[in-house]
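Participant: For reference, the structure I am asking about is given below.
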Amino acid sequence: MTSDRVGRARPVDGPPGGDRSSPGTLRLWLIGPPYVDRLTITHCVHAAGEAFFAVSMAGSIFFSVSPDAARPRVLLFLVVTLAPFLVMVPLVGPVVDRIRGGLPSTLVASFVLRSVLALLLAENLRSLFLFPLAFAMLVVAKTYTIARNALLPSLVEDENDLVSANARLSRTATFAGGVAAALAIAAYTGTSAAWSLRIGAVVFAAGAIFAWRVRSVAPRLEPVASDAFVELVRPDVSSAVWDMLVLRAAVGFALFQFGFSLRAEGAPAWVLGVLIFANGFGGFAGTVVSPWLRRHASERSMFTVALTGSAVAALAAGVALSRLTLIVAIFVLGMAVSVGRRALDATIQRQAPHARSGQVYAGIETRLEIAWVSAACLAVALRVATWIGMLALAAFLAVVTIVHLRRRGGLLTVRPLAAVPLPDRLLLRAETLADHHFYDEAIVVALSALEEWQGDAADPPLTHDERLALADPATPVAQEWALDVIERVRRQLDGAG
Amino acid sequence: MLAVVALAAVSGCGGDDDGAGAVGADGYTAVIADFLPPIPSDGSRPVVFVARLGEEPFALEDQVAMIAAVEESYDLRFVDDIDAAVDNEDSDAPPRDDGLLLGIGTISTAVPHVVRVEVYRAAGVVDAQTVTLTVRGDVWRVDTSEPVDPEVLVSDE
């Protein structure tokens, strides 16, 4: 395997190691070691800008028009929001990845754009232009998230620090966002929503300056080697990405479902504000809980806890709906997403080190954002009461949790069977791989079971054409074929036994 | 991608449906203006909820135009469901935020332009009127109002 990761040649204007070699513990806990600290500060400024934007939305026309009238418009722009992400991975991703400073430049551009959009929004809070401008903000915010998460691995000094660096980023940004939210509320009540947005525009403009400082320390990223993509299909990694997709989708669904249903039921804007705060605070709590969980459980178990916890909380809130249970459920969901995020980072850190390059990470991040937006579209399209939405969310999470447990059980069943002969265990592993749709790998593992049993005398039960097909990466391997090969190997093993 | 564009187009069409019929925001603004409460001396903006009387919701564009027309003095809020505007935890079930709830029907396109309006102040405190409007050029004006029995905003109790 070749590493695609570039040795991070430090830029000329990067901070010298000596002057920051012993940063204070609190400073380290809050903003991290050199290089990462610049991204942490940038992200804090972003969180502050987000807070001003979110608070000012309470004074927008969205809270004056009827939800049903706004629904088609919101759905339209959500769908439009999807488009940039659909083209981002195949087209923009590789270009951004290869240009020196491509990802940090994306950060700078996102701040500049958001600053301009915030100024435009301040003039259009009470007009129909609110919708395209707000969703343009959303697209840029998602782009920022993708670029930030893709950039972080290249800034982390020790490759094993990705999880803690990501946790620190979330934790410190939550602090900054909380303080900024208080200031934004003061600005909103003391002046107006428009002025709160204008202050937000200034914050975003400041963020562009901080993001520029990140640009000066970001290394160039090499083209992605095939190793990275191979690592992504490892069962643990693909399962982690899948579980995280589910959690991100749950958040997207919850935000828009309850945004609309609570409005339709006459809930004031502050209730939505409290829900957003609960979600953010849950994210913060997740960063505190995750290290403890990681010490006592595997990444898979972290996902199990996150999925089960959010499903139970959603079910409880759906059955006994009140503002309190709703807030608790959203808090738990925020915490679950945070725990899942740490588990995903840890899985990639441990099992897919080559997949940490910007392009591959951006690909994962983009899929997560697409899941978020798609679920949001579904929530807007459905016109159901809050309790039904919560039960629908609980049902979705419950089904996914069952699939997760079943998948996990399937992968685990091979481990405690050390006493079983290796060929049988390999065959079981082949069946598990086939269960998880890794058909070509299933065939290879099944054949290796036969080879292990018969040694050089092994006679693989494959025709000439089948061997050619298996060797050709362009030929898809069908489920029936994989199961047939496994069955043929089993018969040979049984016959030999 | 095609599916995305198609869905966007469908959604866009949905958003532009004119739920108010042929009479636009100007006509309905004239009706609302006739039922607005007095402006308080403390400079606060009274909250006025607007609900449709058993019809499709007002088009988004019309809602925004109506809100803009009275925004300086009133906080106009459109609701899909009457319950969204009523504080059901209060025994009198008044409109939320010390507001007023107006239920407005559809202005007939034929002359005379008539529309039903119900004004809800609390459970059992509902006035209803049939309002006749005239239009000169683009300017709509309430001509007459005739009391009728409330039908839609009356409580079940």
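The values are calculated or read from the model by the stated rules, or taken from the named source; none is laboratory data. Nothing here was measured: the structure is a model prediction, and the numbers come from that model. As a convention, Cβ positions derive from the backbone with ideal geometry for all residues, glycine included, and neighbour counts pool all protein chains shown.
Participant: Going by the conditions given, is A:Leu128 in the same structural domain as A:Ile61 (by TED's automatic domain parsing), at pLDDT 95 or above, over 14 Å from A:Leu39 (Cβ atoms) and surrounded by fewer than 22 Cβ atoms within 10 Å (Cβ to Cβ)?
Facilitator: no
Participant: Does region A:25-67 hold any residues that are part of a helix (DSSP H, G or I) and polar (S, T, N, Q), and which are they?
Facilitator: Passing the criteria: A:Thr25, A:Thr40, A:Thr42, A:Ser56.
Participant: Could we say that A:Val92 is within 24 Å of the chain's Cα centre (by Cα), modelled with pLDDT under 65 and surrounded by 14 or more Cβ atoms within 10 Å (Cβ to Cβ) here? Walk me through how you get there before you give the answer.
Facilitator: Numbers: within 24 Å of the chain's Cα centre (by Cα): yes; modelled with pLDDT under 65: yes; surrounded by 14 or more Cβ atoms within 10 Å (Cβ to Cβ): yes.
Yes.
Participant: Take region A:100-153 and flag every residue that is outside any helix (DSSP H, G or I) and in contact (Cβ under 8 Å) with a residue 60 or more places away in the chain.
Facilitator: Of everything in region A:100-153, those that are outside any helix (DSSP H, G or I) and in contact (Cβ under 8 Å) with a residue 60 or more places away in the chain turn out to be A:Arg100, A:Gly101, A:Leu125, A:Arg126, A:Ser127, A:Leu128.
Participant: Conditions: (1) farther than 28 Å from A:Gly259 by Cβ; (2) modelled with pLDDT under 75. A:Leu86 meets all but one. Number of the miss?
Facilitator: (1)
Participant: What number of residues within region A:275-301 are more than 21 Å from A:Ala173 (Cβ to Cβ) and assigned to a helix (DSSP H, G or I)?
Facilitator: Selection size over region A:275-301: 5.
Participant: Within the set of pairs 6+ apart or on separate chains, which have a first residue in region A:55-76 that is at the interface with chain B (Cβ under 8 Å from one of its Cβ atoms), a second that is among the basic types (Lys, Arg) and assigned to a helix (DSSP H, G or I), and C-beta atoms under 8 Å apart?
Facilitator: A:Phe63/A:Arg263; A:Pro67/A:Arg263
Participant: Taking the stated definitions as given, is B:Leu7 at pLDDT 60 or above, surrounded by 18 or more Cβ atoms within 10 Å (Cβ to Cβ) and within 8 Å of chain A (Cβ to nearest Cβ)?
Facilitator: Spelling it out, it is not the case that B:Leu7 is at pLDDT 60 or above, surrounded by 18 or more Cβ atoms within 10 Å (Cβ to Cβ) and within 8 Å of chain A (Cβ to nearest Cβ).
Participant: Scan region A:170-193 for residues that are surrounded by fewer than 19 Cβ atoms within 10 Å (Cβ to Cβ) and farther than 28 Å from A:Ala285 by Cβ and jot them down.
Facilitator: Residues satisfying the conditions are A:Gly190, A:Thr191, A:Ser192.
Participant: Going by the conditions given, is B:Glu89 within 12 Å of chain A (Cβ to nearest Cβ), out of contact with any His (no Cβ under 9 Å at 6 or more places or on another chain) and part of a loop (DSSP other than H, G, I, E, B)?
Facilitator: Taking the combined requirement at face value, the residue satisfies it.
Participant: Scan region A:34-55 and give yes if some residue there is modelled with pLDDT under 85 and not β-branched (Val, Ile, Thr), otherwise no.
Facilitator: Taking every residue of region A:34-55 in turn, at least one turns out to be modelled with pLDDT under 85 and not β-branched (Val, Ile, Thr).
Participant: Which members of region B:57-85 meet the condition of being more than 9 Å from every other protein chain (Cβ to nearest Cβ) and either in a loop (DSSP other than H, G, I, E, B) or not β-branched (Val, Ile, Thr) (or both)?
Facilitator: B:Ala65, B:Met66, B:Ala69, B:Glu72, B:Ser73, B:Tyr74
Participant: To continue, here is another question. Here are some residues: A:Leu450, A:Leu470, A:Leu493, A:Leu462. Which one is among the hydrophobic types (A, V, I, L, M, F, W, C), at pLDDT below 85 and under 30 Å from A:Val241 (Cα atoms)? Can you show your working first?
Facilitator: On the way: A:Leu450 fails: under 30 Å from A:Val241 (Cα atoms); A:Leu493 fails: under 30 Å from A:Val241 (Cα atoms); A:Leu462 fails: under 30 Å from A:Val241 (Cα atoms).
Answer to the check: A:Leu470.
Participant: Would you check which residues across region B:48-60 are surrounded by fewer than 18 Cβ atoms within 10 Å (Cβ to Cβ) and farther than 12 Å from B:Ile82 by Cα and list them?
Facilitator: B:Glu55, B:Glu56
Participant: Being surrounded by fewer than 19 Cβ atoms within 10 Å (Cβ to Cβ), out of contact with any strand residue (DSSP E or B) (no Cβ under 6 Å at 6 or more places or on another chain) and part of a helix (DSSP H, G or I) is true for just one of A:Arg467, A:Arg429. Which residue is that?
Facilitator: A:Arg467
Participant: I would also like to ask the following. Being among the acidic types (Asp, Glu) and more than 10 Å from chain A (Cβ to nearest Cβ) is the filter here, so list the residues in region B:43-56 that pass it.
Facilitator: Within region B:43-56, just B:Glu55 meets the criteria.
Participant: Go through (1) buried (at least 20 other Cβ atoms within 10 Å of the Cβ); (2) away from chain A (no Cβ under 14 Å); (3) without any contact (Cβ under 8 Å) to a residue 12 or more places away in the chain; (4) not hydroxyl-bearing (Ser, Thr, Tyr) for B:Val115 and report which single condition fails.
Facilitator: Just one mismatch for B:Val115, condition (3).
Participant: Now for a different question. Suppose we filter region A:275-326 for residues that are more than 20 Å from A:Val399 (Cβ to Cβ) and free of Cβ contacts under 8 Å to residues at least 24 places away in the same chain; how many remain?
Facilitator: 9
Participant: So which of A:Ala269, A:Ala320, A:Ala346 ends up being within 20 Å of the chain's Cα centre (by Cα) and not β-branched (Val, Ile, Thr)? So that I can check it myself, show each step before the final result.
Facilitator: Details: A:Ala269 fails: within 20 Å of the chain's Cα centre (by Cα); A:Ala320 fails: within 20 Å of the chain's Cα centre (by Cα).
Answer to the selection: A:Ala346.
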